[in-house]
Each structure stands twice: as structure tokens, then as C-alpha cells.
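Trainee: Provided herewith is a single structure, encoded as C-alpha cells, for subsequent inquiry.
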Number of protein chains: 2
Amino acid sequence: MTDGCDGEVTDDATDDAKADGGWTDAEEEIMLATYRALLEHGYAGLSISRIADELDKSKASIYYHYDSKDDLLGAFLAYAADRFQSSILTESGDDPREDLERVIEKLLPLRPDEEERQIQAVFLGLRGQAVTNATFREQFTELDEQLAATIREVVERGIDEGAFRDVDADRVAEHVLATINGAMYGRATSDRETAVAAVRVSLSSYLDAELRRS
Amino acid sequence: MTDGCDGEVTDDATDDAKADGGWTDAEEEIMLATYRALLEHGYAGLSISRIADELDKSKASIYYHYDSKDDLLGAFLAYAADRFQSSILTESGDDPREDLERVIEKLLPLRPDEEERQIQAVFLGLRGQAVTNATFREQFTELDEQLAATIREVVERGIDEGAFRDVDADRVAEHVLATINGAMYGRATSDRETAVAAVRVSLSSYLDAELRRS
DNA sequence: GTCTATATAAGGATAGAC
DNA sequence: GTCTATCCTTATATAGAC
């Protein structure tokens, strides 16, 4: 699982200047094509040919940048995780209770637009592979770890500031994360649309009861 | 997605008498071989050849019983869902609060044995496909619907009997189901083992706070 | 860096014997 | 019902020209 790049580490502007994350233009095009192919065909139907179809380049050019399909998939997961995380870990306001709602709304939007639905569908499709793919497992372990930490830190801040009761922040964070993940997962893999709304309501009332000082 | 059986509907004991669920012996052998193949190779690595390897029969014999791989997969999901449900919907005791804990422990065991882990891994692997497979989606929609109904009914019974406060049973059921599903999903697709324990503790304390009459 | 052409393997599915 | 043999398609991956 290398990045297919021949030792280019410096930051100076070459023809293929790396973007922030560390991908050349060509590589990013491949990542985007992979994303579109996953959307259309799902993980089970993903092939190098299908990715090439979404790209306006040939299959062989993909193998110039990535050693194998596994290599490409590993890179794609890193790419997707990077973008996913930076979309969640936004700036925080001054009310921790509002920050919690913001995180929840980001991860489990009440009315997701088409793009949000698609991103989550692709993500969950990949995550399903983590059951049998060790590399994927590690990535998702790290991702959940980060999300849990984010939630935990907001709760801890609320406690420190005196806005919340002195609860076990870790326990609350794991509860919230599991509930969000479960509802997200349910939304992507079933047609029980009303379930998400019920969970959102229940989660908010849980947090009010658990955190609010009386 | 037929069952590959030529109109046999009656119950009399033929040479290939159907078992309870409606599968002949040969079909059940194929289902078990499919299960083993999924365990070993995951959904993405599942092939008719691999199933035949787990069976002591040839690929062609599988096609005698099922028209296509899709057909077989549909049958397998029905088979697995059937067994999964009947393992959850066990007899209920007289204390609704204990019944809730029993359902939770069934779905999210604190210390799952190897078989429980495997069943959940296979299940989650299949569920991941529901993102892009309509037939799978319908099956998992139905399954979640049943689980939610089971939980809701226990809560409603508790309310009727005066053991619980008069909460919104549907809301509570959806919350519990999402939290269980999220933790189950996390356990199968990441290595955050302590997360499940935290969720179990938090879920119990949530139910105590939400349901207990004061 | 990208292309065309191709090697090689594996997969789904069928034919026809028993 | 099950087998062997086979067809056809698709997949991953590479070779070599430009």
C-alpha cells in the first residue's frame, strides 16, 4: 500500500504539485473516478476497468500510479477518510451543548442532500469490507477513535465550564457515537426513514437529561 | 430469486423432506457451505467455486438448485435472517426490564463466543451490500422492523403493567436499536473492544433513567 | 505519463453423460 | 442430482510503443 509516488516529498511547485493531502493531480483524478465508480457499482462491482471508464484515461495509466487494486483501495480509503474527518472536525462555538448538536447534525443530518447521502453510502460500503480486510479495519478504528475523542472533548469542556453535570465523558461519547453510527448504518442499508428522525429526537432528549445541570 | 424447487409445496415426507424453514437437505448443505465460504473469504471474495470447495460437491450441482449466484444469495439471506430472528425472539419472562436486558445481551453480548462473532461478521458483511442491492435492503428493512417491534412491545408491556413511565415506546425502541446496531457494527468493523462495554453500561443506565418510575 | 495490445487467471453459467 | 468438460466474459496486471 504505497502511494505510488517516487519519493517526492518536498513542497516546491513541480508540474504535478501535490495538494494538501499529498496527492498529485493525476492521483486525485483517479480518486474521484474511484468515488464515482463506487457510487455506481458498489464495492462488490468495483473494478479497474470501471474506474477507468469514469476517468478519461486507460486502465494501464492507473497501474502507473498504483501497484495493484489493493494499493489503490488503500489510498482511496485514506483519501476519503481525510476528507470525511476534515468535514466533521469544524470549528466549535462557545456553547458545548450546541457543539454536540452540530456534530450530530453533521454525521446524521435530518434531511441529507444527495451528496451527503452518497458520501455516506460509499463510506458504509467500504466499511462493510473492514469485516474481512485488516487494512480497512485499522482505518475505521482510527476514524471512530477520532470521532469518539471529538465528542468526548466537547463533553469534557462542558463539564469544566460548569455547563454539564460531572458525567463520565467517555461513556457518554461512546453512547452517542454508537447511536449515530447505528442510525447512519440503518439509513444506508434499509428503508426505515422515520427511524432516523426518532433517533435524533431521542438522542437530544437523552443528552438533555444526562448533561443538564438541574 | 426462486427457491430452486419445482413446485414442491406439500408436507409429506419425500426423499428430500423439507425442513421447517422450507429447505431440502441438499439446499441446507449449500447454505452451510455458503456460510463457511463467507466466513473465510468475505462477501467480496465469495464465488460459486469457493462455495463448492466448502461443499463436497461440484459447482454444477449448485446450479441445479439455484438459477444464479444472485438467486443463491437471496436464498442465503432469507435462510440466515430466519435463523437470526428465531435466535432473538425467544420467550419472555415476567419482568419487562429484564426482557430488555435479555434482548440487548442477545444482540450485543458482552463476551461473545467465537460462533456469535462469526454469525455477526457474516451478517454485517451481507448488510454492507444492502447499500447497493435492493433485494438485500428489503430483507434488512424487514429485519430491523421486527427487532424494533420486539423492543417496542416489551416497553409497551412495561408501561401497561405500570412498571415503566409512560414514555414514547417507539422513540425508545428506535434509540435502543440504533445504539445496539451501531455498537455491533463497530465491533465487527473496528478494533475498539472497550467501546462495546461502555455502550452496554450507558445503554442500561439510559433505560433505567428513562423508564423507571420515580 | 499515457496508450494499445495482450498474457493469464477466475468467475458465472451451461451441455450432456451417468 | 451430481459429475466432467467447456464456453464466454470479465478481471488483474504487464509489455512495449510513443
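Trainee: Under 5 Å between amide H atoms, partner at least 5 residues away or on a different chain: which partners does residue A:164 have, H built in plane at 1.01 Å?
Mentor: A:159
Trainee: Take the Cβ-Cβ distance between residue A:105 and residue A:69 as r, set R0 to 41 Å, and report the resulting FRET efficiency rounded to the nearest 0.05.
Mentor: Working: r = 36 Å, r/R0 = 0.87.
Working from the Cβ atoms, E equals 0.70.
Trainee: Taking each residue in A:116-122, count the Cβ atoms of any other chain within 10 Å of its Cβ, then average. What number comes out? Working shown, then result.
Mentor: Numbers: counts 0, 0, 0, 0, 1, 2, 2.
The per-residue average across the peptide is 1.
Trainee: Show me you know the interface measure: the accessible area buried between A and B, both chains summed, probe 1.4 Å, in Å² to the nearest 100.
Mentor: On the way: alone 12030 and 12030 Å², together 20350 Å².
Interface area, both chains combined: 3700 Å², rounded to the nearest 100.
Trainee: For residue A:26 and residue A:94 in one chain, what is 0.36 nm times their gap in residues minus the Cα-Cα distance, to one decimal in nm?
Mentor: That pair, residue A:26 and residue A:94, stretches by 20.4 nm at full extension.
Trainee: For the range B:81-214, what log10 I(q)/I(0) values come out of the Debye formula at q = 0.12, 0.21 1/Å, with one point per alpha carbon and no solvent?
Mentor: -0.48, -1.36
Trainee: Add -39500 (n - 2.57) for each DSSP H run of 4 or more in the protein assembly as shown, then divide by its residues: what number comes out at 222 nm, to the nearest 500 deg cm²/dmol?
Mentor: Details: 18 runs with 292 residues, N = 428.
Computed mean residue ellipticity for the protein assembly as shown: -22500 deg cm²/dmol.
Trainee: Tally Lys and Arg at +1 and Asp and Glu at -1 over the other residues with C-beta under 12 Å from the C-beta of residue B:117: what net charge comes out? Walk me through the numbers before you get to the answer.
Mentor: Working: positive: B:111, B:187; negative: B:113, B:114, B:115, B:116, B:193.
Here the count lands on -3.
Trainee: From Cα pairs below 8 angstrom and at least 6 apart in sequence, can you work out the relative contact order of the range A:94-211, rounded to a whole percent? Walk me through the numbers before you get to the answer.
Mentor: Details: 74 pairs, mean separation 37.9, N = 118.
Reported as a whole number, the value is 32 percent.
Trainee: Express the accessible area of chain A per residue in Å², computed with a 1.4 Å probe while the remaining protein chains stay in the model. Before the final figure, lay out each step's value.
Mentor: Details: 10180 Å² over 214 residues.
For chain A, the solvent-accessible area averages 48 Å² per residue.
Trainee: Calculate I(q)/I(0) for the protein assembly as shown by the Debye formula, one identical point scatterer on each C-alpha and no solvent, and give its log10 at q = 0.10, 0.14 Å⁻¹ to two decimals.
Mentor: For the requested q values the scattering log ratios are -0.78, -1.33.
Trainee: Hand me the GluC sites (Glu not before Pro) from the range A:36-114 located in a DSSP loop with no more than 12 other Cβ atoms within 10 Å, in residue order please. Present the calculation step by step, with values, prior to reporting the outcome.
Mentor: Numbers: sites: A:40, A:54, A:91, A:98, A:101, A:105, A:114; in loops: A:91.
Answer by residue number: A:91.
Trainee: Follow-up question, since we're still on this one. So what's the gap between the Cα centers of the range A:177-214 and the range B:91-155, to the nearest angstrom?
Mentor: What the calculation gives is 17 Å, centre to centre.
Trainee: Could you work out, residue by residue across B:191-202, how many beta carbons of other chains sit within 10 Å of that residue's beta carbon, and then give the average as an integer? Write out the running numbers ahead of the final one.
Mentor: Numbers: counts 9, 8, 0, 2, 10, 2, 2, 10, 8, 3, 4, 13.
Whole-number average of other-chain Cβ neighbours for B:191-202 is 6.
Trainee: Would you please give the residues with an amide H less than 5 Å from that of residue A:43, counting only those at least 5 places away or on a separate chain, with H modeled from the backbone geometry?
Mentor: none
Trainee: Tell me, what is the 1.4 Å probe accessible area of residue B:41, in Å² to the nearest 10?
Mentor: 60 Å²
Trainee: Loop-only trypsin sites (Lys or Arg not before Pro) in the range A:134-214, please: DSSP not H, G, I, E or B, and at most 15 other Cβ atoms within 10 Å.
Mentor: Details: sites: A:137, A:152, A:157, A:165, A:171, A:187, A:192, A:200, A:212, A:213; in loops: A:165, A:192, A:213.
Filter output for the range A:134-214: A:165, A:213.
Trainee: Using each residue's phi in the range B:119-125, evaluate 6.51 cos²θ - 1.76 cosθ + 1.60 at θ = phi - 60° and report the 3J(HN,Hα) Karplus result to the nearest Hz, with x for Gly and Pro.
Mentor: Rounded to whole hertz, the list is 4, 5, 4, 4, 4, 5, x.
Trainee: Another question, then. For residue A:53 and residue A:149, FRET efficiency with R0 = 41 Å and r from the beta-carbon atoms, rounded to 0.05?
Mentor: 0.55
Trainee: Still on this structure: Using only Cα atoms, tell me the angle between helix B:96-107 and the longest principal axis of chain B; keep it within 0 to 90° and round to the nearest 10.
Mentor: Around 40 degrees separate the two axes.
Trainee: Let me ask you something else. Counting each pair of different Cα atoms once, what's the Kirkwood radius of the range A:48-126 in Å, rounded to one decimal?
Mentor: 15.1 Å
Trainee: Follow-up question, since we're still on this one. Taking a label point 7 Å out from Cα toward Cβ, give me the nm distances from residue A:53 to the same spot in the other copies, shortest first, one decimal.
Mentor: 2.8
Trainee: Taking a point 7 Å out from Cα toward Cβ as the label site, list the nm distances between residue A:149 and the same residue in every other copy, smallest first.
Mentor: Sorted ascending, the copy-to-copy spacings read 4.4 nm.
Trainee: Next up: Starting from the 7 Å offset along Cα-to-Cβ, what nm value, one decimal, do you get for the label separation of residue A:157 and residue A:204?
Mentor: Spacing of the two 7 Å Cα→Cβ label points: 2.1 nm.
Trainee: Here is a follow-up. Quick one: what do you get for the range A:25-76 if you divide its Cα Rg by 2.2 N^0.38 Å? Show your work: numbers first, answer last.
Mentor: Values: Rg = 9.5 Å, N = 52, 2.2 N^0.38 = 9.9 Å.
The range A:25-76 yields a ratio of 0.96.
Trainee: For residue A:111, place a label point 7 Å out from Cα along the Cα→Cβ vector, do the same in each other copy, and report the separations in nm, one decimal, smallest first.
Mentor: Shortest to longest, the spacings are 5.0 nm.
Trainee: Please turn the phi angles of the range A:178-184 into ³J(HN,Hα) values with the Karplus equation 6.51 cos²θ - 1.76 cosθ + 1.60 (θ = phi - 60°), one per residue in order, whole Hz, x for glycine and proline.
Mentor: Karplus-based 3J(HN,Hα) across the range A:178-184 equals 4, 5, 4, 4, x, 5, 4 Hz.
Trainee: Report the full-extension gain for the segment residue B:166 to residue B:213: residue separation times 0.36 nm, less the Cα-Cα distance, to one decimal in nm. Each step should come with its number before you reach the end.
Mentor: Values: separation 47, 0.36 × 47 = 16.92 nm, distance 0.90 nm.
Answer, rounded to one decimal: 16.0 nm.
Trainee: Output ³J(HN,Hα) for the range B:192-208: one whole-Hz value per residue in order, computed from phi by the Karplus curve 6.51 cos²θ - 1.76 cosθ + 1.60 with θ = phi - 60°, and x for Gly and Pro.
Mentor: 9, 4, 5, 4, 4, 4, 4, 5, 4, 4, 5, 5, 5, 6, 4, 5, 4
The values are calculated or read from the model by the stated rules, or taken from the named source; none is laboratory data. It should be emphasised that the depicted structure is a prediction, and the values quoted were computed from it without experimental measurement. Every residue, glycine as well, gets a Cβ built from its backbone with ideal geometry; the counts of neighbours run over all protein chains shown. To get the accessible areas, we keep the full protein, side chains included, count just its heavy atoms, and leave off ligands, DNA and RNA. Shrake-Rupley method; radii C 1.70, N 1.55, O 1.52, S 1.80 Å.
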